[in-house]
1. Of the residues Gly214, Gly189, which is at positive phi and of a type outside the set (S, T, N, Q)?
2. Looking at segment 275-284, is at least one residue among the aromatic types (Phe, Trp, Tyr), under 30 Å from Leu413 (Cα atoms), open to solvent by 60 Å² or more (accessible area, probe 1.4 Å) and modelled with pLDDT under 95?
3. Kindly evaluate Arg195 against the criterion of being touching a residue at least 60 places away in the same chain (Cβ under 8 Å) and either assigned to a helix (DSSP H, G or I) or farther than 19 Å from Val20 by Cβ (or both).
4. Looking only at segment 403-420, count every residue that is over 15 Å from Glu233 (Cβ atoms) and either open to solvent by 40 Å² or more (accessible area, probe 1.4 Å) or free of Cβ contacts under 8 Å to residues at least 60 places away in the same chain (or both) and tell me the total.
5. For Asn90, indicate whether it is open to solvent by 60 Å² or more (accessible area, probe 1.4 Å) and farther than 30 Å from Asp220 by Cβ.
6. So, Glu345, is that one on the phi < 0 side of the Ramachandran plot, out of contact with any His (no Cβ under 8 Å at 6 or more places or on another chain) and open to solvent by less than 60 Å² (accessible area, probe 1.4 Å) or not?
7. Would you pick out the residues in segment 209-236 that are closer than 24 Å to Val419 by Cα, modelled with pLDDT of 90 or more and surrounded by fewer than 15 Cβ atoms within 10 Å (Cβ to Cβ)?
8. Under the condition of being of a type in the set (Phe, Trp, Tyr) and under 28 Å from Pro222 (Cβ atoms), which residue from segment 156-208 is surrounded by the fewest Cβ atoms within 10 Å (Cβ to Cβ)?
Amino acid sequence: MLMTPILTQAQTKEDSVLQVATLDKVVEYALVHQPAVQQAAADEEIADKVIKGKLADWFPQINFAANYQRNIDLQTSVIGGNPIRFGVNNTSSLQFTGIQNIFNRDVLLAASSASKVRILASQNTSRSKIDVVVDITKAFYDVLATAQQVKVSDESIARLEESLASAYSRYTAGVADKTDYKRATILLGNAKAERKANSEALIFKQQYLKALMGYPLKQDLPIQYDTVQMENEVPLDTLQQMNYTEHIDYKILFTQRELQNANIKYSYWGFLPSLNAFGAYNLNYQNNEFGELYQQKFPYSYVGATLAFPIFQGGKRTARVQEEKWRGKRLDLSLIDLQNNLSAEYTRALASYKSNLLAFLTQKENVGLAEEVYQVIHLQYRNGIRPYLDVTVAESDLRTTRINYFNALYQVLASKMDVQRALGQINY
């Protein structure tokens, strides 16, 4: 029992961090801990409780009230020229009342639109999750791209240090002049400066990813990835046709349009009467002496019904009907506008994907060529066939090509997410 709090705290801390941060685990973590998702889930619960509160008006409304009154000066009436006092000094009453709505347009609206309100709340939660997944995935790829730039810079620095040592040895041996090792020194300094800039950018991007996840900022996030697996995820069917009804934004707007139809009906119901039944049971107590007030009760009860029919309200109801109809027309236009925007978004995302795919395939091929060129030129330089300038150019080409390859890989995967988002294929 004494160890329970410690074990619970340790378990909570373990659950709040990831031991291995693959993309799937990062997304899974964000869907549980991201504040925007939690807020959407809270809004869904709030909508459910509001509906239950509205529907509660269909049930009988039973109330109890107790009252005590001390009459200091009794009421006086003059009868036949004689003043006569009425009543007693102490009165009290206990009242039980009940009301049952039979027809009430507010309650009828709640009953007819409850399912649509729940659907809309659920769709808003889904959209929050989709947005989080897309943002998290892109941020994850951005971190990987920057991390690869740091890795490429480390490899480039190692090669440049080796080249610098070789150039300096050739200079001291009198084989080459000092410009070669000076060029090597300049390239090495530039590579170290670039690595420093990428390292600082990586820190920010890691913190940004943690913030998007709802991850503790001071905890380590051990990112793990498989480049081969990511390359296998690049292909996408570019011949898919757009289906607007699958997109979450269209679903939400369509549900809002259906709720607006309910509002139009509600405005028409303003011409109908409201009907409710009521009843009450009262216990009255009267006595001049407070101590004997509750010795004798005088009960009375009644039941009845109220039919309220609005006859004329200056055209207010007609104006309200027209207002709700125009709101419905406006939502119809919003649906058309959304279809156009979704079509444009899909076209843009698909064009970006195709462009990034071509860049990826080109850079993938260029990496092998750049490595081969560098190895050949570096070997020729060591044998005195090529000048050191060719080595620097080959080194720069190799570093740039490797960085471009990783950037192209992550950009094509990010653009694939945009295409799937536009097609409505990301669902949670």
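1. So the residue among Gly214, Gly189 that is at positive phi and of a type outside the set (S, T, N, Q) is Gly214.
2. No, segment 275-284 contains no residue that is among the aromatic types (Phe, Trp, Tyr), under 30 Å from Leu413 (Cα atoms), open to solvent by 60 Å² or more (accessible area, probe 1.4 Å) and modelled with pLDDT under 95.
3. Judged against the criteria, Arg195 is not a match.
4. Going through segment 403-420 one residue at a time, the tally reaches 2.
5. Working: open to solvent by 60 Å² or more (accessible area, probe 1.4 Å): no; farther than 30 Å from Asp220 by Cβ: yes.
No; evaluated as a whole, the condition is false for this residue.
6. Numbers: on the phi < 0 side of the Ramachandran plot: yes; out of contact with any His (no Cβ under 8 Å at 6 or more places or on another chain): yes; open to solvent by less than 60 Å² (accessible area, probe 1.4 Å): yes.
It is true that Glu345 is on the phi < 0 side of the Ramachandran plot, out of contact with any His (no Cβ under 8 Å at 6 or more places or on another chain) and open to solvent by less than 60 Å² (accessible area, probe 1.4 Å).
7. Pro235 - this is the single residue of segment 209-236 that is closer than 24 Å to Val419 by Cα, modelled with pLDDT of 90 or more and surrounded by fewer than 15 Cβ atoms within 10 Å (Cβ to Cβ).
8. Step one: filter segment 156-208 for residues of a type in the set (Phe, Trp, Tyr), giving 168, 171, 181, 204, 208.
Checking the rest, the ones that are also under 28 Å from Pro222 (Cβ atoms) come to 204, 208.
On the way: Phe204: 11, Tyr208: 14.
Taking the candidates together, the pick is Phe204.
The values are calculated or read from the model by the stated rules, or taken from the named source; none is laboratory data. Values in this document were obtained by computation on a predicted structure and should not be read as measured data. Heads up, the Cβs are rebuilt from the backbone with ideal geometry, glycines too, and the neighbour counts pull from every protein chain shown. To get the accessible areas, we keep the full protein, side chains included, count just its heavy atoms, and leave off ligands, DNA and RNA. Shrake-Rupley method; radii C 1.70, N 1.55, O 1.52, S 1.80 Å.
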